[in-house]
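K.L.:
Just passing along the structure, written as structure tokens.
The values are calculated or read from the model by the stated rules, or taken from the named source; none is laboratory data. Here the structure is a predicted model, which means the values were calculated and not measured. All Cβ positions, glycine included, derive from the backbone under ideal geometry; neighbour counts span all protein chains shown.
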Amino acid sequence: MTCRKRWILLLGLANGLAQAQTSGLHIADLDRLVDVGEPDLSADGRWLAYSVTRSNVGEDLRQSDLWRVSFAGGDPQPLSFTDTDSEWLPQWSPDGRWLAFLSDRTTGDDKLGDVQVWLMAADGGEARRVTRFAGAVEDFVWSPDGKALAVIAEDAEPDHDVAKNPPPIVIDRYQFKEDGRDYLSQRRRHLYRVEVASGESQALTAGAHDEQLPAWSPDGRHIAFVSKRGDEPDRHLNFDLYLIEPKPGAVERQLTRFAGADLDPYWETRPAWSPDSRRIAYLQSGEDRWIYYAPWQLAVIDIASGESHLPAPIDRCFSKPHWSKDGRSIYTLIEQSRVTRLSRIDLSSGKLTPLSPDLRFDYDLDVEGERVVVLGGDDQNPYEISALERGSLRPLTHHNDWLSERRLARTEPVRFVSADGTAIEGLLTLPLDHQNGQPAPLIVRLHGGPVYQFSHEFMPDWQIYATHGYAVLGVNPRGSSGRGFDFSRAIYADWGRLDVADVIAGVEHVVARGIADPDRLAVGGWSYGGILTNAVIARDTRFKAAVSGAGASNMYALYGHDMYIREYELELGTPWANRDAYDTASYPFLHADQIETPTLFLCAEKDFNVPCLGGEQMYQALRSQKIPTRLVIYPGENHGLSIPSYLRDRMQRHLDWYAEYLH
């Protein structure tokens, strides 16, 4: 090759790289994004195992594999290579020789549940199935000696002739639906002891209740778990911690007595034993009436006396506690406004010390000895795992480094005042090629929950909007988390009034700054974000387009139709006794004649969280009035869409709908 040809080739490569780096995020990139999760350090702290979930475009599914990486650094190594089956929840054996995990890989035995515990050598290779439950395994932990597992498994389905139609579904439970589990029968989830060598299982609990989140004490004497008890556990949220010896016939002991949720499984937090097996760190919320509005606090209970206390009562949500090696402090995640950070709590003083950088969202962690790893990300980076060393984070995984090829839009915090003087906060992502003095079309994004918040984490949809020239405003209105109990409960039994006012104040703020074009405004969200979208367009006609995903507005019709019967009655009461509360919650449907905004409704066919009925009724109300509208239903999907082609389709429909009415 001549020098001239080589120079031309190098110039072409450089131009191509520059062009790639100036491109924003696009819909096709959704298939390249990798979800990193479930970090687990080996007992000696030398190795980290974790799960990696990516899109299998050919099979049109999301699929998970197991990986490991040395704590010292180096290239991560894949441990499983299945194309369509998934492996997740890796857990090292106490001696570090084995890795146990859950998998839905086929077994060839139709009598087994579709998820079982499997075992492989620490450096990978062929795996063997450990459990043989007729129902699916949900969770497990190792015994300290590595000889047994504490397993949560669901009761088997009743036998029926598979060559014929399934039997009728018979319901007699108060709560009879759950998203992802369909109709709830008398099948329950119970605690078992399983011998690792033989796979022999022994039931430790039984009854008309569920056990979840097992944790084996370091001295091997007890297994802690979470359960709701009483005559009808479906009616309340009074979860409690229980202890049981790991042998058949042992009598369980209720440990916590608080009249509210002690470690609701929704918080994805396992009981954390102290190194000396004398205390357990866990989470405690408010009394039942406040359901998810009350922040869940870190609590510590003494096993012998049953006395508990809150070591750092700060009116914020905690999660994922882990004890330090010396038992004098606890590592945990603490949520504040727009951030969740790894922190350490000194148990003697209650002093809180943030350990990870600000403007970040940490999601999980693990601690072994003096070594700490944290899973988290920020506005520009999806979740990856880092080691905490000398007050800073050292990256261990790099599965989304390809994003360095993309020029990403910047996100900034915003703060403004609502109509009644309440300070409201949020996040603003500017268009990729934003120039001062040129107002852009604005998409207002509304989060689910309602007790949740937009945080400094990677938002692929926001980045795609920015690539297409939109500014994106994420408002954390009253009802959001991160700012304490009073801020969250401000909308208790009063949805769609104060939070709508806060959203409108945010829009007016970015319009006044010259960032948003007041004639090109749109709004959208999923779950409670869809519910709030309906409320916004019913109370304000300035929006030119809306996308309401997995939303609802006729709460009379949702009573008994979705999975929230308990929450409806705790917050709103019953429809026949509390008409005013249901009228308020149903305002967008009952006042649909006030809506002028062209609205796209999206829903998932098998969603028992916010069923399609909610979107169908709002679609019909607008269609009846000849307001431009469309209804899209994603077949077979639950509340959180997972099929890659549907995720791409949903994003494209957002862009098409907004483009039609904003340009």
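K.L.:
Scan Ala281, Ala304 and give me the residue that is surrounded by fewer than 22 Cβ atoms within 10 Å (Cβ to Cβ) and at pLDDT 95 or above. Walk me through how you get there before you give the answer.
P.N.:
On the way: Ala281 fails: surrounded by fewer than 22 Cβ atoms within 10 Å (Cβ to Cβ).
One residue alone meets the criteria, Ala304.
K.L.:
Evaluate region 635-654: report whether one residue or more is of a type in the set (D, E, K, R), touching a strand residue (DSSP E or B) at 6+ places or on another chain (Cβ under 8 Å) and either farther than 23 Å from His447 by Cβ or outside the structural domain of Ser527 (by TED's automatic domain parsing) (or both).
P.N.:
No, because not a single residue in region 635-654 is of a type in the set (D, E, K, R), touching a strand residue (DSSP E or B) at 6+ places or on another chain (Cβ under 8 Å) and either farther than 23 Å from His447 by Cβ or outside the structural domain of Ser527 (by TED's automatic domain parsing) (or both).
K.L.:
If you don't mind, there's one more thing I want to ask. Yes or no: Ala387 at pLDDT 95 or above and more than 30 Å from Asp95 (Cβ to Cβ)? Steps first, please.
P.N.:
Details: at pLDDT 95 or above: yes; more than 30 Å from Asp95 (Cβ to Cβ): no.
Against the criterion (at pLDDT 95 or above and more than 30 Å from Asp95 (Cβ to Cβ)), Ala387 does not qualify.
K.L.:
Ok, one more. Quick check, is Gly45 modelled with pLDDT of 95 or more, farther than 23 Å from Ser324 by Cα, outside any strand (DSSP E or B) and not assigned by TED's automatic domain parsing to the domain that holds Ser642? Steps first, answer last, please.
P.N.:
Values: modelled with pLDDT of 95 or more: yes; farther than 23 Å from Ser324 by Cα: no; outside any strand (DSSP E or B): yes; not assigned by TED's automatic domain parsing to the domain that holds Ser642: yes.
For Gly45, the condition - modelled with pLDDT of 95 or more, farther than 23 Å from Ser324 by Cα, outside any strand (DSSP E or B) and not assigned by TED's automatic domain parsing to the domain that holds Ser642 - is not met.
K.L.:
Looking at region 491-503, which of the residues that are in contact with a helix residue (DSSP H, G or I) (Cβ under 6 Å, 6 or more places away or on another chain) and of a type in the set (A, V, I, L, M, F, W, C) is surrounded by the fewest Cβ atoms within 10 Å (Cβ to Cβ)?
P.N.:
The qualifying residue surrounded by the fewest Cβ atoms within 10 Å (Cβ to Cβ) is Ala493.
K.L.:
Among the listed residues Ala538, Ala585, Ala592, which satisfies the condition of being modelled with pLDDT of 95 or more, within 24 Å of Lys177 (Cβ to Cβ) and among the small types (Gly, Ala, Ser)? Working first, answer last.
P.N.:
On the way: Ala538 fails: within 24 Å of Lys177 (Cβ to Cβ); Ala592 fails: within 24 Å of Lys177 (Cβ to Cβ).
Within the list Ala538, Ala585, Ala592, the selection yields Ala585.
K.L.:
Can you say whether Trp267 is in contact (Cβ under 8 Å) with a residue 60 or more places away in the chain and crowded, with 17+ Cβ neighbours inside 10 Å, as far as the supplied structure shows?
P.N.:
no
K.L.:
Looking only at strands (runs of 3 or more DSSP E) that fall completely inside region 386-452, which ones have 3 or more residues that are outside the structural domain of Gly482 (by TED's automatic domain parsing)?
P.N.:
Values: elements: 392-395, 411-417, 423-429, 440-446.
Hits in region 386-452: 392-395.
K.L.:
So, one more: Collect the residues in region 342-379 that are surrounded by fewer than 15 Cβ atoms within 10 Å (Cβ to Cβ) and polar (S, T, N, Q), keeping them in residue-number order.
P.N.:
If the condition is that a residue be surrounded by fewer than 15 Cβ atoms within 10 Å (Cβ to Cβ) and polar (S, T, N, Q), then Ser348, Ser349, Thr353 are the ones that fit.
K.L.:
Scan region 521-541 and tell me whether some residue there is touching an Asp or Glu at 6+ places or on another chain (Cβ under 9 Å), in the same structural domain as Thr584 (by TED's automatic domain parsing) and surrounded by fewer than 19 Cβ atoms within 10 Å (Cβ to Cβ).
P.N.:
yes
K.L.:
Could I ask something else about it? Within the group Gly506, Gly549, which residue is within 18 Å of Ala604 (Cβ to Cβ) and either polar (S, T, N, Q) or surrounded by 21 or more Cβ atoms within 10 Å (Cβ to Cβ) (or both)? Steps first, please.
P.N.:
Working: Gly506 fails: within 18 Å of Ala604 (Cβ to Cβ).
Exactly one of Gly506, Gly549 is within 18 Å of Ala604 (Cβ to Cβ) and either polar (S, T, N, Q) or surrounded by 21 or more Cβ atoms within 10 Å (Cβ to Cβ) (or both), namely Gly549.
K.L.:
Go through region 110-132 and give me each residue that's within 18 Å of Gly146 (Cα to Cα) and among the hydrophobic types (A, V, I, L, M, F, W, C).
P.N.:
Listed by number, the residues that qualify are Val117, Trp118, Leu119, Met120, Ala121, Ala122, Ala127, Val130.
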